[in-house]
């Protein structure tokens with residue numbers, strides 16, 4: 001009976017193995033008799049508008065060893081000992097690689113990277129002495145013109161733990177020392193397009209692990225090449241202007257004025273500073289966009305970085321020295337020194353008076369006023385909805401707002417002005433009135449101004465093909481409550497919009513936040529008649545392996561046929577002719593210097609005869625802006641200027657934002673003016689040179705952009721290049 005039971009069980013098991021599990025077992029047998037080797041693709045190249053190679057690849061030869069010959073400690077020691085002298089790698093380092101578990105079992109163990117052709121040839125000639133030893137190719141990312149356009153092009157880095165599942169599903173080598181991927185810029189946004197597909201070679205092996213024959217092979221598919229819309233000549237000039245003007249502004253000083261304190265006494269605005277304080281001017285951004293197509297011609301952000309640091313093999317200590325900066329006395333990152341952030345698409349900024357054209361649009365389109373409606377600006381705006389509120393007299397709430405001070409220390413008075421005049425001279429009181437009038441409209445929940453502002457590309461991303469774009473913020477009841485809950489605003493703050501919030505928004509201050517690229521898209525819509533173009537940095541996609549041109553540093557795009565181009569995309573918004581003409585009229589007068597009632601415009605003295613009298617300069621309209629910073633201290637004011645061409649054949653919109661750098665007409669304005677002179681071919685741009693090799697001993701994140709002639713920044717009111725003493729005004733009441 002026992003024998004029968006045992007034989008029955010054995011028979012059942014044999015039947016199960018030969019029928020139910022036959023296919024799975026056969027697969028395991030086949031697998032054990034084959035070995036799959038991954039073959040890396042070559043990453044796609046990135047070119048500028050003229051075919052310059054912004055990101056390419058250098059082929060690297062590596063010595064590798066099959067895992068099969070490393071099974072026993074004896075065999076492993078013998079192979080490593082013989083190889084060490086040839087490849088210049090200590091045996092201990094090879095053992096550490098084997099023990100680390102960081103390398104993919106689908107690829108031979110690399111024991112030496114970037115070896116010479118001579119070493120590979122010598123090892124091949126002595127293959128019988130080096131069983132299981134071979135060589136393969138990999139690619140090292142190179143940036144011939146670094147650090148130019150670093151924030152647009154981006155950089156490469158290792159796959160992080162957070163991204164591992166994503167890239168593993170795409171077929172990437174996610175082992176710890178697998179492959180690098182794009183971590184920012186185009187390198188990240190177009191990662192899968194640039195990456196290509198791995199190849200696979202399947203070998204049949206014998207019981208000893210030796211290759212018997214090749215079973216199958218699929219060649220790697222290299223990544224597609226990309227051409228950007230970025231013009232590197234203009235890009236270099238934009239970066240040079242931005243960096244130079246920030247340096248200049250650090251030599252300028254702002255006044256620390258006397259003000260009346262809540263207790264009625266007069267004292268300096270900041271008791272911790274003297275009569276004047278230097279601007280820190282730590283950072284900024286510049287964008288040049290074709291407002292007819294959305295193509296971005298230049299995008300500069302400062303501080304910048306050299307992408308070659310990420311492949312330089314520097315120590316973690318050196319990396320922290322270069323890239324990690326904390327606010328003194330805290331563990332918080334210092335935003336002023338952050339180099340990786342692309343401020344053109346990630347900067348969270350007040351826009352100052354450059355925001356006023358969109359408030360004017362809201363007033364005109366809501367029928368609050370017409371282009372011919374006039375308001376008398378006497379320098380001080382008093383709330384009409386709080387006129388009978390006793391708290392105003394007791395100073396418990398703010399019920400009046402003032403224009404910026406003029407040279408006499410008192411708020412500027414502009415007299416009787418309409419929309420165009422208010423934009424030309426930048427009257428705050430005119431826009432305070434718009435803000436309050438829209439705020440008190442019944443049934444709008446205090447959000448009417450914001451609703452009109454959202455017609456434009458504010459409060460949402462523009463769709464630019466760069467990663468991590470900031471959506472911006474148009475203040476409403478919901479996001480104000482969120483800011484209070486998050487502790488960004490004081491817990492005692494009312495968690496809904498108040499009159500002060502909307503009045504401040506009406507002049508581009510307060511809770512309003514936007515990016516320079518959003519400002520460029522929206523000014524572009526004023527320029528092109530109401531089309532919010534999707535900004536793009538990619539121009540065309542090409543098949544892999546675009547050949548090099550005869551001229552060093554270029555690809556021969558003339559010998560390649562694009563597989564895809566980037567057509568213009570945009571959304572039309574209502575832009576009645578009467579509304580647009582009133583706004584553009586004011587912006588044009590701002591640049592021409594056509595003031596109102598004896599008051600000059602904010603940009604007229606900057607452009608003056610030097611720009612407007614030249615015969616070939618592009619006709620432009622624009623607006624200055626000065627955005628208040630922390631504690632409203634004048635030295636924390638940021639400078640912004642936005643302008644667009646009025647000529648169809650030169651459809652450019654240019655925006656500059658210089659943080660903590662002073663007035664819009666003094667810092668950002670001169671940068672925009674110089675760029676329009678270059679776009680008018682009035683300025684000869686310096687040639688772009690291939691970068692010198694990276695100095696790994698340097699303590700600089702990037703070498704400075706080339707020096708440029710700054711005489712284009714001068715205005716009729718004096719020199720904007722050499723700092724002058726600050727203006728000391730009378731006491732401010």
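Here, each number is a calculation from the coordinates, and none is a lab measurement. Just so we're clear, the structure is a prediction, and the values are computed from it rather than from any experiment. Ideal geometry is used to build each Cβ from the backbone, glycine not excepted, and the neighbour counts take in all protein chains shown.
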Order of 280, 315, 638, 711 from fewest to most other C-beta atoms within 10 Å? 315, 711, 280, 638
Against the longest principal axis of the chain, how steep is helix 91-100, in degrees 0 to 90 to the nearest 10, with axes from Cα atoms? 80
Region 578-722 shape via C-alpha gyration tensor axes, a/c threshold 1.5: oblate
Sort the following peptides by mean Cβ neighbour count (other Cβ atoms within 10 Å, averaged over residues), highest first: 473-481, 282-290. 282-290, 473-481
Cα convex hull of the chain, projected area averaged across orientations, nm²: 44.6
Can you bin region 536-595 into rounded, prolate or oblate? Criterion: square roots of the alpha carbon gyration tensor eigenvalues sorted a ≥ b ≥ c, rounded for a/c under 1.5, prolate for a/b above b/c, oblate for the rest. oblate
Please give the contour-minus-distance gain from residue 280 to residue 396: 0.36 nm per residue of separation, less the Cα-Cα distance, rounded to one decimal in nm. 38.3 nm
Tell me, rounded to the nearest percent, the portion of alpha carbon pairs in region 361-471 spaced more than 16 Å apart. 68
Ranked by how many other beta carbons lie within 10 Å on average, peptides 397-409, 120-132 from highest: 397-409, 120-132
I want to check the label-to-label distance for residue 95 and residue 273. Put each point 7 Å from Cα in the C-beta direction and report it in nm to one decimal. 6.2
Arrange 153, 64 by Cβ neighbour counts within 10 Å, fewest through most, would you? 64, 153
Given only helices, namely DSSP H runs of n ≥ 4 each adding -39500 (n - 2.57), what is the per-residue ellipticity at 222 nm of the chain, to the nearest 500 deg cm²/dmol? -8500 deg cm²/dmol
Calculate, in nm to one decimal, what residue 137 and residue 549 gain on full extension: separation in residues at 0.36 nm each, minus their alpha carbon distance. 146.0 nm
Given the C-alpha atoms of region 420-576, compute the convex hull and give its volume per residue in Å³. 192
Placing each pseudo-label 7 Å from Cα in the direction of the beta carbon, residue 330 and residue 170 end up separated by a distance in nanometres of 3.5
Using the Cα gyration tensor of region 40-154, the equivalent ellipsoid's semi-axes, largest first and to the nearest Å, work out to 35, 15, 12
Could you tell me the extents of region 492-561's C-alpha atoms along the three principal axes, largest first, rounded to whole Å? 65, 33, 20
Separation in nanometres of the label points that stand 7 Å from Cα toward Cβ, at residue 365 and residue 204: 7.2
Among 617, 716, what is the fewest-to-most ranking by other Cβ atoms within 10 Å? 716, 617
Per its Cα gyration tensor (rounded if a/c is under 1.5, else prolate when a/b beats b/c, else oblate), region 80-219 is best filed as prolate
Full-stretch length increase - residue 481, residue 217 - with 0.36 nm per residue and alpha-carbon distance subtracted: 89.1 nm
